[in-house]
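The values are calculated or read from the model by the stated rules, or taken from the named source; none is laboratory data. The shown structure was predicted, so the numbers you read here are calculated from the model rather than taken from an experiment. Cβ coordinates were reconstructed from backbone atoms using ideal geometry, including for glycine residues, and neighbour counts include every protein chain displayed. Heads up: the accessible areas ignore ligands, DNA and RNA and are worked out on the full protein's heavy atoms, side chains in. Shrake-Rupley method; radii C 1.70, N 1.55, O 1.52, S 1.80 Å.
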Amino acid sequence: TSQYEQRNANNPAWACYDIIHRARQLKNISTGIYEFDVRGVQASRIDYQAFVDWATFCEDRELYFNGVIYKTQKLWDALSGPSEAGRGRVILRGTKFSCVCDAPSEPVQMFAISNMELDSFREEFLGQKDRANAIELNFYNIDNNYQKTTLPIYGPGYDEATAIQNPTQVSVDFAMSLAQAYRYGKYQLRV
């Protein structure tokens, strides 16, 4: 619409957009009219459609960012929390800010014998015993008055009696419901 529209700040994509753009509607005391004051990157240098697509992905997957940026930090550090919550990243494409997320999409490149140099392909896998088969997720629990909570999340086929226990610890600095934390942990296990 070529004008500002209000969006939910708990959507990770819009949180990132706001951190980059930092537009605020302020009342001009000389004219009495509300005007927009942009303290960040101009809208013309932001790939708005990429953020719309990421925001839609977050809404479809019920991904939320419930956090507070309470200290002065570099732009990229401030973007890390919402980006992590939304399974995406803000990137620079030339001089424009854009974003990518872990949404399903069509393949864009395929490697085969026809487009590789002879004997240049190498593939290594981490051994099964070295892979994490459980995550201990530390997060602020919305369902428990924002108390720091540790939630164990197990991979598929995990059997406590016979499995080689190889948990890894993951901590996030934002709040989640128990259901959202469980989905986040299962996603991290797949990653």
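Can you name the residue in the range 14-48 that is among the hydrophobic types (A, V, I, L, M, F, W, C) and out of contact with any strand residue (DSSP E or B) (no Cβ under 7 Å at 6 or more places or on another chain) and, of all such residues, is most open to solvent (accessible area, probe 1.4 Å)?
ILE29
Consider SER98 against the criteria (1) open to solvent by less than 100 Å² (accessible area, probe 1.4 Å); (2) farther than 24 Å from PRO167 by Cα; (3) part of a loop (DSSP other than H, G, I, E, B); (4) not acidic (Asp, Glu): it satisfies all of them except one. Which criterion is unmet?
Against the list (1) open to solvent by less than 100 Å² (accessible area, probe 1.4 Å); (2) farther than 24 Å from PRO167 by Cα; (3) part of a loop (DSSP other than H, G, I, E, B); (4) not acidic (Asp, Glu), SER98 comes up short only on (3).
Any residue that is open to solvent by 90 Å² or more (accessible area, probe 1.4 Å), of a type in the set (D, E, K, R) and under 24 Å from ARG190 (Cβ atoms) - is there at least one of those in the range 81-93?
yes
Check whether at least one residue in the range 144-152 is touching a residue at least 12 places away in the same chain (Cβ under 8 Å), touching a strand residue (DSSP E or B) at 6+ places or on another chain (Cβ under 6 Å) and farther than 22 Å from ARG190 by Cβ, and report yes or no.
yes
Of the residues in the range 64-107, how many are under 16 Å from ALA50 (Cβ atoms) and in contact with a Pro (Cβ under 6 Å, 6 or more places away or on another chain)?
2
Here's a check for you: in the range 171-191, which residue that is open to solvent by 10 Å² or more (accessible area, probe 1.4 Å) and not in a helix (DSSP H, G or I) is farthest from GLY81 (Cα to Cα)?
Only one residue tops the list, namely VAL191.
Among all residue pairs at least 6 apart or on different chains, which show Cβ distances below 7 Å where the first residue, located in the range 10-30, is under 13 Å from TRP54 (Cα atoms) and the second is open to solvent by 60 Å² or more (accessible area, probe 1.4 Å) and in a strand (DSSP E or B)?
none
Being without any contact (Cβ under 8 Å) to a residue 24 or more places away in the chain and in contact with a helix residue (DSSP H, G or I) (Cβ under 7 Å, 6 or more places away or on another chain) is the filter here; which residues of the range 48-107 pass it?
ARG89
Can you tell me which residue is surrounded by the most Cβ atoms within 10 Å (Cβ to Cβ) among those in the range 118-166 that are in contact with a Lys or Arg (Cβ under 9 Å, 6 or more places away or on another chain) and at pLDDT 95 or above?
In this case the residue turns out to be PHE139.
When the residues of the range 95-105 are filtered to those that are at pLDDT below 95 and small (Gly, Ala, Ser), which remaining residue is farthest from PRO12 (Cα to Cα)?
Here the residue is SER105.
So PHE111 ticks every box in (1) farther than 22 Å from GLN169 by Cβ; (2) hydrophobic (A, V, I, L, M, F, W, C); (3) open to solvent by less than 30 Å² (accessible area, probe 1.4 Å) but one. Which box is left unticked?
Among (1) farther than 22 Å from GLN169 by Cβ; (2) hydrophobic (A, V, I, L, M, F, W, C); (3) open to solvent by less than 30 Å² (accessible area, probe 1.4 Å), PHE111 violates only (3).
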